[in-house]
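Data block below; observations after.
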Amino acid sequence: MTMNPIDKIHVANMKTAAHQNDQLLMLDLFCGAGGATAGYMSCGLTVVGVDIHPQPNYIGNYFIQMNALYCDYEFLSLFDLIHASPPCQQYSV
């Protein structure tokens, strides 16, 4: 799964809007339904989530379904902050 160019344009517009409102734009990689996103949004951040699986109940501002490992530098550079929490259940006791 690769990045849709329309998503890049949408995120660039979101960054402009967030900065006009004195907010930061955050990327939440491996976001799932948005557990970490909820905390970041409560702090006033605008959050874009990326996950390989569909997340119909994602609570953030925008969701992109794609493999987070394929996010390119151009896309990553659109964000003020990046959070990544890859799944670790198979490695946890």
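Is it the case, given these coordinates, that His10 is touching a residue at least 40 places away in the same chain (Cβ under 8 Å) and more than 12 Å from the chain's Cα centre (by Cα)? Outline the logic, then answer.
Numbers: touching a residue at least 40 places away in the same chain (Cβ under 8 Å): yes; more than 12 Å from the chain's Cα centre (by Cα): yes.
So His10 passes the test.
To keep it simple, each residue is scored yes or no on (1) β-branched (Val, Ile, Thr); (2) modelled with pLDDT of 95 or more; (3) closer than 14 Å to Phe79 by Cα; (4) not in a loop (DSSP other than H, G, I, E, B).
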| position | (1), (2), (3), (4) |
| --- | --- |
| Ala12 | no, no, yes, yes |
| Thr16 | yes, no, yes, yes |
| His53 | no, no, no, no |
| Tyr58 | no, yes, no, no |
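Can you tell me which of (1) over 22 Å from Ile9 (Cα atoms); (2) modelled with pLDDT under 95; (3) outside any loop (DSSP other than H, G, I, E, B); (4) not β-branched (Val, Ile, Thr) is the one Glu74 doesn't meet?
(1)
Each row is one residue, and each column tells you yes or no for (1) of a type in the set (Asp, Glu); (2) open to solvent by 40 Å² or more (accessible area, probe 1.4 Å); (3) in contact (Cβ under 8 Å) with a residue 12 or more places away in the chain.
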{"residue": "Gly35", "(1), (2), (3)": "no, yes, no"}
{"residue": "Ala38", "(1), (2), (3)": "no, yes, yes"}
{"residue": "Cys43", "(1), (2), (3)": "no, yes, no"}
{"residue": "Val50", "(1), (2), (3)": "no, no, yes"}
{"residue": "Tyr62", "(1), (2), (3)": "no, yes, yes"}
{"residue": "Asp72", "(1), (2), (3)": "yes, yes, yes"}
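Which one is nearest to Met66 (Cα to Cα), of the residues in region 18-33 that are outside any loop (DSSP other than H, G, I, E, B) and open to solvent by 60 Å² or more (accessible area, probe 1.4 Å)? If you could, list the steps in order and put the result at the bottom.
Filtering region 18-33 down to residues outside any loop (DSSP other than H, G, I, E, B) leaves 18-20, 25-29.
From the residues that got through so far, the ones that are open to solvent by 60 Å² or more (accessible area, probe 1.4 Å) too are 19-20.
Values: His19: 25, Gln20: 28 Å.
The qualifying residue nearest to Met66 (Cα to Cα) is His19.
The values are calculated or read from the model by the stated rules, or taken from the named source; none is laboratory data. Since the structure is predicted, the reported quantities are computational estimates derived from the model, not experimental observations. Heads up, the Cβs are rebuilt from the backbone with ideal geometry, glycines too, and the neighbour counts pull from every protein chain shown. Note: accessible area is taken over every heavy atom of the protein model, side chains too, but ligands, DNA and RNA are not part of it. Shrake-Rupley method; radii C 1.70, N 1.55, O 1.52, S 1.80 Å.
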